[in-house]
Amino acid sequence: RAKQSGRNAYRIYNAAMTTENHQRQALESDLRQALKEGQFFLHYQPKVNLVTGAIEGAEALVRWLHPVRGLVSPLQFIGLAEEIGLIVPLGAWIMRTACLQNAAWRRAGLKPVRIAVNVAARQFAEPGFVESVAAILHETGLPADGLEIELTEGTMMSEGEQMIDQLTKLRNLGILLAIDDFGTGYSSLAYLKRYPVSVLKIDQSFVRDLAANRDDQLIVTAIIGIAHNLQLQVVAEGVETLAQLDYLKAQGCDVYQGYYCSKPVMPAAFMAMLEDQKHRSV
Ligand code: C2E
Ligand code: MG
Ligand code: MG
Ligand code: MG
């Protein structure tokens, strides 16, 4: 009996594995196809100055509209795109599209803003990455102060001296560098001092329960203190409520992003927010 149920369990397990493999393979081949077929687009989420209330820029976030599955979250495909190397051409497409868009906004005479682009570890490690970014700025005509690059702690910790060299080159081009999801990766603080980064983004996991959780309040206050002592700008992610916003403001946080202001939106909607600000003449 035991043997039989064991075999059934194996069969079920095996069937589940096969289904999972098939799904993964299907997603993988769909992903390769998606870039050729133009199924990706970008959303923009406003970044708001906590002192003036003005929109200072936006984070570009990739979206995949799959012909059958509909919208697929980047959490479901960025990792896979890294594994199969597709992140390199996809990342280049994202970088070019965001720069092209911001160059057009600047030409339209809107308030000049900075667009932050997420760069994956595998993309950053690709030889010629810095040169490819410089070429994109040149092609699109976007001044370097219109671009910010977000890297996670994991990416920054991985390569050592070569990493610092690359970051320095980007910084020398005039591009701002941000550490994304701060506090969730490796906990070494040494690189905050050693690396030429300008912006620190507090991960949304510390912001979620900020209004009620004393530990999160202490952590956020400490991060803001460290960052400011190192002359870094602090951005809070995932701000959804006025209570969270009030706490961050009281602690001197510089910028926030989150549904309290806006979800990530289509380019035209972000442009409308910028235009609206111009008329309000803060
Ligand atoms: P991230 O870079 O930390 O981006 C912030 C995520 O938080 C976004 O999810 C955004 O939609 C979400 N978010 C913003 N405000 C709020 C809020 O108030 N509440 C909540 N609950 N969530 C909020 P999204 O767009 O699903 O992206 C998830 C992750 O996927 C990103 O985290 C980033 O790691 C990755 N990703 C997204 N776009 C790109 C891209 O263009 N390139 C690369 N390499 N990775 C990307
Ligand atoms: Mg990000
Ligand atoms: Mg983040
Ligand atoms: Mg995140």
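Just so you know, all these numbers are worked out from the coordinates, no wet-lab data involved. Just so we're clear, the structure is a prediction, and the values are computed from it rather than from any experiment. Positions of Cβ are generated from backbone atoms using ideal geometry, with glycine treated the same way; all protein chains shown enter the neighbour counts.
Please report the relative contact order for the chain, taking Cα pairs under 8 Å with a sequence separation of at least 6, and give it as a percent rounded to a whole number. 18 percent.
According to the calculation over all Cα-Cα pairs in the stretch 137-186, the P(r) per 5 Å bin from zero is 4, 21, 24, 23, 15, 9, 3, 0 %.
Placing +1 on each Lys and Arg Cβ and -1 on each Asp and Glu Cβ, with no other charges, gives the chain a dipole about its Cα centre of roughly 640 debye. Working note: 222 nm ellipticity from helices only, DSSP H runs with n ≥ 4, each -39,500 (n - 2.57), summed and divided by the residues of the chain, gives -17000 deg cm²/dmol to the nearest 500. Amide hydrogen proximity for Gln233: with H placed 1.01 Å from N in the peptide plane, the residues at 5 or more positions away or on another chain lying under 5 Å are Val199, Leu200.
Give me the percent of Cα-Cα pairs in the chain that sit more than 25 Å apart, rounded to a whole number.
So the pairs more than 25 Å apart make up 53 percent of the total in the chain.
For the stretch 78-180, the Kirkwood estimate of hydrodynamic radius, built from reciprocal distances between every pair of different alpha carbons, is 13.9 Å. With q set to 0.11, 0.13, 0.25 Å⁻¹, the log10 of I(q)/I(0) for the stretch 139-232, from the Debye formula over equal scatterers at the Cα positions, is -0.36, -0.49, -1.32. Positive end of the dipole of the chain (Cβ unit charges, origin at the Cα centre): among Leu200, Asn172, Ala243, the Cα lying farthest that way belongs to Ala243. Computed 3J(HN,Hα) for the stretch 165-177, one whole-Hz value per residue from the Karplus formula 6.51 cos²θ - 1.76 cosθ + 1.60 where θ = phi - 60°, is 4, 5, 4, 5, 4, 4, 4, 5, 6, x, 8, 7, 10, glycine and proline marked x. The 3J(HN,Hα) values that the Karplus relation (6.51, -1.76, 1.60; θ = phi - 60°) gives for the stretch 19-32 are, in residue order, 4, 4, 4, 4, 4, 5, 5, 5, 4, 4, 6, 5, 5, 4 Hz. Gly and Pro appear as x.
With the Cα gyration tensor of the stretch 159-282 giving a ≥ b ≥ c as the square roots of its eigenvalues, does the rule (a/c under 1.5 for rounded; else a/b larger than b/c for prolate; else oblate) give rounded, prolate or oblate? In terms of gyration-tensor shape, oblate. Projecting the Cα atoms of Leu210, Pro143, Leu27 onto the charge dipole of the chain (Cβ charges, centred on the Cα centre) puts Leu27 farthest toward the positive pole. For Glu56, nonlocal amide neighbours, meaning residues 5 or more places apart or on other chains whose placed amide H falls under 5 Å from its own, are Lys47, Val48, Asn49. A dipole drawn for the chain from +1 and -1 charges on Cβ atoms has a positive end, and of Ala108, Leu232, Val68 the residue lying farthest that way is Val68. Lysine pair count for the chain with Cα-Cα distance under 21 Å and sequence separation of 8 or more or different chains is 13.
Loop sites by DSSP among the trypsin sites (Lys or Arg not before Pro) of the chain, restricted to those with at most 13 other Cβ atoms within 10 angstrom, leave 70-282 as the longest stretch without any of them.
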